[in-house]
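Report on the structure given below.
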Amino acid sequence: MSQSLTEGAPKGVANTTEKGSAAPNAQRWWILAIIGLAQLMVVLDATIVNIALPSAQADLGFSDGNRQWIVTAYALAFASLLLLGGRIADLFGRKPAFLIGVAGFAGASVLGGAANSFEMLVIARALQGVFGALLAPAALSLLNTTFTDAREKARAFSVYGAIAGAGGAVGLLLGGLLTDALDWRWTLYVNLIFAVVAFVGGWMLLGNHRDAANSKIDFPGTLLVSAGLFSVVYGFSNAETHDWSSPQTWGFLIAGALLLAGFAWWQTRAKHPLLPMRVLLDRDRGASFLTVLISGAGMFGVFLFLTYYLQLNLGFSPTKTGLAFMPMMAALMVAAQVSTTRLVPRFGPKIIIPAGFLLGALGMVWLTGIDIGSDFSTAVLPQLLVIGVGMGVIMPPAMQLATSGIGDEDAGVASATVNTMQQVGGSIGTALLSTLAASAATNYLSGRNASDKLVQAQATIESYTTAFWWSAGFFAVGALITFLLYRPGVPAQDESAAPVIHM
């Protein structure tokens with residue numbers, strides 16, 4: 001029978017009445033701040049080190065070929081272990097998963113900042129990914145179970161979604177500031193500030209709750225999905241430095257696809273599945289997972305190639321480059337608030353999320369008009385604002401719908417699936433767009449004087465605009481898929497999000 005939690009409820013767990021309806025947690029907005037800070041730390045680390053890579057390379061003396069591993073080591077560990085991290089949070093409690101994730105991430109960051117060799121830095125980045133895979137799903141599932149009122153939950157997810165969407169831009173700005181003012185090592189040391197505040201706040205405010213305490217870890221499923229995700233991300237990462245025909249590219253992609261197919265088969269037969277099929281088979285939730293995947297792939301074109309364009313073609317410093325993305329972040333945050341609290345509750349995701357994808361596609365197509373001597377205020381800034389609004393309309397509602405209505409025992413693994421989709425989407429975007437951009441530059445140089453600096457500059461413009469066109473294509477496909485998959489009408493309010501103990 002259900003046991004109400006009206007007295008002596010632990011911090012961070014919403015009280016319930018005898019009927020099981022949730023009473024708001026009085027400290028829920030402080031909890032949101034702590035969760036948001038931890039999520040920002042994880043998200044910005046995907047980009048903050050990028051700006052510092054040239055300085056780190058000069059200091060540690062590693063080759064251009066090895067440079068990608070500073071980024072890839074983080075992505076590989078993070079993506080391949082997210083589902084396991086989410087299940088650990090469900091089984092052993094979200095508070096310890098959150099705190100261990102924060103503390104471990106901070107320790108790995110210190111190790112990376114103190115690195116005196118390439119190998120040490122790669123190991124530190126991989127460890128960041130390991131602890132990030134524990135932290136990220138715990139944070140999102142805590143958000144889902146802390147906020148029980150539908151309108152408040154929408155506001156909370158607008159904040160969280162804005163952080164998830166704009167964290168990359170924050171990383172670029174912070175990375176530029178720290179690299180210019182201090183040293184590349186501070187792009188890693190800065191995580192200590194985030195981690196200390198998040199750890200102390202989490203220790204004081206969060207209560208522990210184990211919604212799947214009677215379940216067990218699905219070890220065969222864990223091995224299959226971890227190996228499968230590793231192979232997929234590794235294969236796409238190899239596509240950047242190897243040809244698509246290389247066995248190190250297609251071999252790992254095929255292996256990853258087979259392992260993930262084996263994982264899906266096993267989940268229908270396992271007694272305690274790592275990712276129960278009920279999490280995936282809801283129509284709106286499945287559409288939301290695909291939304292996060294596609295938007296992750298499309299957004300890569302903005303952050304990477306526009307960063308190159310601003311620094312190499314327009315001569316922006318790292319700090320100025322980071323500042324250039326701030327208007328987009330502001331537009332994203334405003335749109336996130338409006339879309340989750342006003343638009344989706346009124347018109348439903350079938351209209352609003354495809355509209356966001358179309359805005360993103362429009363902004364990307366508009367960006368293809370850049371040239372060697374373009375002015376930022378007319379050729380880049382308006383386009384960034386449009387893309388920011390589009391992403392604010394896409395990401396936060398999709399993240400909310402992906403975890404809405406989920407059973408508390410599955411909250412962690414559903415949250416992990418959201419993060420996994422974002423990571424895999426980013427990896428796919430990285431590989432495809434980088435390869436297509438490189439091919440466009442090569443094709444442009446063919447038959448021209450490749451030693452001419454003007455020709456070289458124009459070749460880079462060709463590569464950027466090619467990437468923007470393909471990103472626009474990703475967003476257009478996202479608009480079509482989400483329009484077809486989402487149910488019409490307004491989604492039902494989630495009235496069972498609060499944790500309820502069953503005995």
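The values are calculated or read from the model by the stated rules, or taken from the named source; none is laboratory data. Here the structure is a predicted model, which is why all the values come from computation and not from measurement. Cβ atoms come from the backbone with ideal geometry, glycine included; neighbour counts cover every protein chain shown. We work out accessible area using only protein heavy atoms, side chains counted, and drop any ligands, DNA or RNA first. Shrake-Rupley method; radii C 1.70, N 1.55, O 1.52, S 1.80 Å.
Relative contact order, whole percent, for the chain stands at 24, derived from Cα pairs under 8 Å and 6 or more residues apart.
Taking the accessible area of the range 210-330, probe 1.4 Å, and keeping the other protein chains in place, the carbon and sulfur fraction comes to 68%. Under a model in which nothing but the beta-carbon of Lys, Arg (+1) and Asp, Glu (-1) is charged, the chain shows a dipole of about 800 debye around its Cα centre. Accessible area per residue for the range 335-382 is 43 Å², calculated with a 1.4 Å probe on protein heavy atoms, without ligands, DNA or RNA. With θ taken as phi - 60° and the Karplus curve 6.51 cos²θ - 1.76 cosθ + 1.60 applied, the whole-hertz 3J(HN,Hα) list for the range 105-113 is 5, 5, x, 5, 5, 5, 4, x, x Hz, x standing for glycine and proline.
Rounded, prolate or oblate, given the Cα gyration tensor of the range 359-448, with a/c below 1.5 counting as rounded? Verdict is oblate for the range 359-448.
For the chain, what does the helix formula give at 222 nm: sum of -39500 (n - 2.57) over DSSP H segments with n ≥ 4, over the residue count, nearest 500 deg cm²/dmol?
One gets -24500 deg cm²/dmol as the mean residue ellipticity at 222 nm.
Legend: calculated FRET efficiency, Thr268 to Thr442, from the Cβ-Cβ distance at R0 = 41 Å, rounded to 0.05, equals 0.35. Counting only Cα atoms, the size of the range 274-415 along its three principal axes is 53, 33, 22 Å, in decreasing order. Reducing the range 263-314 and the range 215-237 to their Cα centroids gives an inter-centroid distance of 15 Å. For the residues Lys320, Lys153, a 1.4 Å probe over the protein chains yields an accessible-area ranking, largest first, of Lys320, Lys153.
Computed from backbone phi with θ = phi - 60° and the Karplus coefficients 6.51, -1.76 and 1.60, the 3J(HN,Hα) list for the range 174-185 is 5, x, x, 4, 5, 5, 5, 8, 10, 6, 4, 5 Hz; x is used for glycine and proline.
If you bin every alpha carbon distance in the range 91-177 into 5 Å steps from zero, what whole percent lands in each bin? Computed distribution, short to long bins: 3, 13, 15, 18, 21, 14, 8, 4, 2, 1, 0.
The string of couplings for the range 221-231 from the Karplus curve (6.51, -1.76, 1.60, θ = phi - 60°) is x, 4, 5, 5, 6, 5, 5, x, 5, 4, 5 Hz, one whole number per residue in order, with x for Gly and Pro. Counting every C-alpha pair in the chain, the share spaced more than 38 angstrom apart comes to 22%.
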